[in-house]
Each structure stands twice: as structure tokens, then as C-alpha cells.
Amino acid sequence: MQHFTSIENLTKEQVLSICKYIKDAKDGRLPTFNEKVRICNIFNEASTRTLLSFKVAEDNLNMTSLDFMSSSSSLTKGETLRDTVEVLKQYQITNFVIRDSKNEYYKDLVDIDGIHVINGGDGTNQHPTQAMLDIFSLLEHFDFDIENKKVLFIGDLINSRVFHSNVNILRLFNVEMYCVSPDEFYEDIEGITRVDNVQDIINEVDICCAYRIQHERHANTFDTNGYNQKYGLSLENIENTKSSFVFTHPGPVNWGVELNEDLKNHEKNLILRQVENGMYTRMAVLAIVNNLVEV
Ligand code: CP
């Protein structure tokens, strides 16, 4: 696997194999680099978790990690992402973690010889390492068996690259999928049943994946007054959920909107576990694309 750009073409066996390496990273068993390998993190959209967990992962693997300053780079003079990567390749940089607002930006890069592109999120399309850390966190919680579980998606679905990647990956595990969202954020996807409000379905599901309202991608201001009561989770509406029920959120959370503040430290909240697993997931993905381990 030379690049890691999308979940769309992965098989269930590949996903499980990547999970095995995430576990190896967590248990301190993942091989690291003995030679110098340079990696550049190009983040043309804001990030805390993805950027910093990649940096820690790179450090843990003994990679030489370089940061690209988008706002003071020649991208601001109109240089293309492809030309940028071609330039950086001349400095023996072979790995590129890239986040960009353009959907499928990576299609313009993957034919460049001798490099590895790892997608840190492209527009509203894909966030494959987030989907891997999410599936790993869920598998860990459910003793590595989520076959036929019921999953509810809530939030700004149409604008969420995490939602799109999570649907791709969860399909491989034959889960039953439901969603609740206002019309503005709804996306009609085959195999996902739309439900009117969270209260109608929450006690039947095993997993709820909540997604951030992405105000920065909206043309018009979205009023979040009353949103949490109908479309979000709160202590009140999860009190009769299944005993093994958990909820996830890729972060950052709009507290009081997708999730009420009373859920910050709730036992069914998987968010900080997701954050921790993000570091191990990124170590595994970097090891895989660089052939330290084989999928
Ligand atoms: N989940 C996620 O992508 O978070 P960041 O935007 O902080 O990287």
C-alpha cells in the first residue's frame, strides 16, 4: 500500500490487518525506522488532533518530521500543491501528510514517483485515518466484534468527511445504519435509514457517532438554538440506552450542541479513547505505507 488516501477501496481483511498493527503500536511492538526518513506535514486547513498525533507518531517511529507553514508558503503565491510536493521531494522528503479543502486533492499527487501520500482530510470527502482510529476504538470496546450492531449517525452529515469515511468502513462490518439530522445537514445514502429525532431510536442502538456542525463550510449562519434537544445527545436522552452503548465524536465538539456538557466525562463517552488511539493509528499507517510491515 503506497498511499493511504481513502477508505473506499479497502477490504474488511485489510481494515482488520491495519487494526492488528494499531494494537501492535499500542503494545510497543511496531517496528521503527533505522534509517533517516523525512516526512512533511502540509495542513492547509486547521487541525489539532490529526496534526499533533501524526507528529507524535512520526517521532515514535524515528522519522524526521518537517512542518510546512501553509500561510507563509508559496501556495499563497499560487503555487500548486503538486508543484509544492515536487519541490519538497528534491529535499529527500518521501512522506507527505496532507490536509486540504479540495475534495480528492490527492488524485493529483499519487502518480509522483517515490513518495507516500497520507490523507489527513480532504474537504468534505474522506478522513481515512480518523475512520481507522474510530473503527479500532469501537472494536476495542466491543471485544473486536461489531458485526450486525446498530449505529446511529447524528450531526452535520453532508459536510463531514469523517461521516463519509465511517460509512465506508462500517459497511464492511454489516452494521445496521440510522441517521438523524436536520434537512440542511442530511445526506441520502443508500442503506442508511433516516429517523426524525434522536429520542425515537437512541435506546435501540449500540453506537452513536456524532459529528460537528461545520459552521466554516456553511454559506448561511446556522442557528443552533434547540438543536441539542432534537438532534443531539444529553444525559437525559441516553439514560435508557443499552448497557454496552457508546458514543463517539471526532472532535472538536461544539459542547451544548451535538453533545451536551453533562456528557463530557460520561462512562459511555469514547472521545478521549479515540484521541489516544489516533496516535497509534497514525504510527500503524506510516509503518504500512513505508513497508515496515505488510498488510
Ligand atoms: N478529528 C480531527 O480531524 O480533528 P482535528 O481537526 O483537530 O485534526
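Within the stretch 50-67, track down each residue that is buried (at least 17 other Cβ atoms within 10 Å of the Cβ) and touching a helix residue (DSSP H, G or I) at 6+ places or on another chain (Cβ under 8 Å).
Thr50, Ser53, Phe54, Ala57, Glu58, Asn60, Leu61, Met63, Ser65
Can you spot a residue in the stretch 274-282 that is within 15 Å of the ligand (Cβ to nearest atom) and basic (Lys, Arg)?
So far as the stretch 274-282 goes, yes, one or more of its residues are within 15 Å of the ligand (Cβ to nearest atom) and basic (Lys, Arg).
From the list Asp111, Asp83, Asp59, pick out the single residue that is out of contact with any His (no Cβ under 7 Å at 6 or more places or on another chain), under 16 Å from Asn290 (Cβ atoms), outside any strand (DSSP E or B) and more than 16 Å from the ligand (Cβ to nearest atom).
Working: Asp111 fails: under 16 Å from Asn290 (Cβ atoms); Asp83 fails: under 16 Å from Asn290 (Cβ atoms).
Residue meeting the stated conditions: Asp59.
Go through the stretch 86-108 residue by residue and tally those that are over 30 Å from Asp27 (Cα atoms) and either within 16 Å of the ligand (Cβ to nearest atom) or under 21 Å from the mean Cα position of the chain (by Cα) (or both).
Kept after step one, since they are over 30 Å from Asp27 (Cα atoms), are these residues of the stretch 86-108: 86-92, 100-108.
From the residues that got through so far, the ones that are either within 16 Å of the ligand (Cβ to nearest atom) or under 21 Å from the mean Cα position of the chain (by Cα) (or both) too are 100-107.
Count: 8.
Within the stretch 89-97, is there a residue that is of a type in the set (Ser, Thr, Tyr), part of a helix (DSSP H, G or I) and surrounded by 13 or more Cβ atoms within 10 Å (Cβ to Cβ)?
No; the residues of the stretch 89-97 include none that is of a type in the set (Ser, Thr, Tyr), part of a helix (DSSP H, G or I) and surrounded by 13 or more Cβ atoms within 10 Å (Cβ to Cβ).
Please state which of the following conditions Asn9 fails to meet, knowing it meets all the rest: (1) modelled with pLDDT under 95; (2) surrounded by 15 or more Cβ atoms within 10 Å (Cβ to Cβ).
(2)
Yes or no: Asn125 surrounded by fewer than 23 Cβ atoms within 10 Å (Cβ to Cβ) and within 12 Å of the chain's Cα centre (by Cα)? Don't jump to the end; show me each part of the working.
Numbers: surrounded by fewer than 23 Cβ atoms within 10 Å (Cβ to Cβ): yes; within 12 Å of the chain's Cα centre (by Cα): yes.
When the stated conditions are applied, Asn125 passes them.
Within the stretch 68-79, which residues are touching a residue at least 12 places away in the same chain (Cβ under 8 Å) and either touching a Cys at 6+ places or on another chain (Cβ under 9 Å) or exposed (fewer than 12 other Cβ atoms within 10 Å of the Cβ) (or both)? Quick ask: steps written out before the conclusion?
Taking the stretch 68-79 and keeping what is touching a residue at least 12 places away in the same chain (Cβ under 8 Å), we get 68, 70, 75.
Within the stretch 68-79, Phe68 is the sole residue that qualifies.
Just checking: which of the strands (runs of 3 or more DSSP E) contained wholly in the stretch 171-222 hold 3 or more residues that are not hydrophobic (A, V, I, L, M, F, W, C)?
Numbers: elements: 176-180, 192-194, 207-211.
The strands (runs of 3 or more DSSP E) meeting that bar number zero.
What is the residue count in the stretch 223-267 for residues that are surrounded by fewer than 18 Cβ atoms within 10 Å (Cβ to Cβ), more than 16 Å from the ligand (Cβ to nearest atom), assigned to a loop (DSSP other than H, G, I, E, B) and at pLDDT 95 or above?
The qualifying residues number 13.
Report yes if some residue within the stretch 264-273 is closer than 17 Å to Phe185 by Cβ, without any contact (Cβ under 8 Å) to a residue 60 or more places away in the chain and within 21 Å of the chain's Cα centre (by Cα); otherwise report no. Spell out how you get there, then give the answer.
Step one: filter the stretch 264-273 for residues closer than 17 Å to Phe185 by Cβ, giving none.
No; the residues of the stretch 264-273 include none that is closer than 17 Å to Phe185 by Cβ, without any contact (Cβ under 8 Å) to a residue 60 or more places away in the chain and within 21 Å of the chain's Cα centre (by Cα).
Which residues, counting only those in the stretch 27-56, are of a type in the set (S, T, N, Q), within 16 Å of the ligand (Cβ to nearest atom) and in a loop (DSSP other than H, G, I, E, B)? Can you show your working first?
Pass one, the stretch 27-56, residues of a type in the set (S, T, N, Q): 32, 34, 41, 44, 47-48, 50, 53.
Among the residues that remain, those that are also within 16 Å of the ligand (Cβ to nearest atom) are: 41, 44, 47-48, 50, 53.
The answer is Asn44, Ser47, Thr48.
The values are calculated or read from the model by the stated rules, or taken from the named source; none is laboratory data. Keep in mind the model is a prediction, meaning the values are calculated, not measured. With ideal geometry, Cβ positions are generated from the backbone for all residues, glycine too; neighbour counts draw on all protein chains shown.
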